[in-house]
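Each remark here refers to the structure printed beneath this line.
Read-outs: derived from the displayed coordinates by stated rules, not from any lab. Values in this document were obtained by computation on a predicted structure and should not be read as measured data. Glycine gets a Cβ as well: all are built from the backbone with ideal geometry, and neighbour counts include every protein chain shown.
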Amino acid sequence: MDSAHRRQLKHDKFVDQVGHSVEYAASHRDQMMKWGGAALAAIVLIAGIYWYTNYQHGVRQTALRNAMQTYEAGVGAGGNEFVKTFATQEEKDKAVVKDLTEVANKYDGKEEGQIARYFLGLHYADKGNMAEAEKNLKPVAESGKAIYASQAKLSLADLYDATGRQADAEKLLRSLINDPTILVSKEQATIALGRILARKNPAEARKLLEPLRSERGPVSRAAITALGEMPAR
């Protein structure tokens, strides 16, 4: 089924559900009138808002999903109706910027808009355009939406470190250590900070990283690797 049909089905469902709410109000007019005009208006309004909100959420998700398909598309031959590809990298890059920018701007302040802007920032960073990368990552980091903001802060810290702004990177990472999220753990932020501090303050870096050696799994391995990369005392 193509995207136009999917959108139409979502639209029809939205119209049908609102229609059912109105039909119910009409068929139960006598009973509902006992509740008073204000209550009746509130019920119909709430029903309409509920279905409209769900409909709009679906539209935003579809727009983001389409943009992410462009972001993850391949380059060269081998594409089909299920796998999106572009003939050249230049063609793909233009499409990525166009699609993610449209979603980010149209749904600014919504989750889908924040996610699109985050990946737009990553795209620019990957292409070496650090100014545009910061321009897109910073609003997400400052959005106040803890989960997405934390991931944007981590990426922004990497960008700051790569461009010689270690003090700014440290500030972001310390804030993540103090306020971790499901996407960025305290340990992950600590290891990232330790790698930065290792170049100018190895003693503090070791103080941060040594306790993580005893952790299980990837945290321990990452800490040990970071410690191994540090210069000898």
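Going from the fewest other Cβ atoms within 10 Å to the most, the residues Val83, Val59 appear in the order Val83, Val59. As an exercise, find the ratio Rg/Rh for the stretch 86-172 from alpha-carbon atoms, using the Kirkwood inverse-distance average for Rh. Result for the stretch 86-172 is an Rg/Rh of 1.00. Based on Cα contacts under 8 Å between residues 6+ apart, the stretch 185-233 shows a relative contact order of 34 percent. Separation of the alpha carbons by more than 25 angstrom is noted, of Lys92/Lys186; Lys171/Lys207; Lys153/Lys200; Lys106/Lys171, for Lys92/Lys186; Lys106/Lys171. For the stretch 87-135, chymotrypsin sites (Phe, Trp or Tyr not before Pro) are listed when DSSP marks them as loop and at most 10 other Cβ atoms sit within 10 Å of their Cβ; the list is empty.
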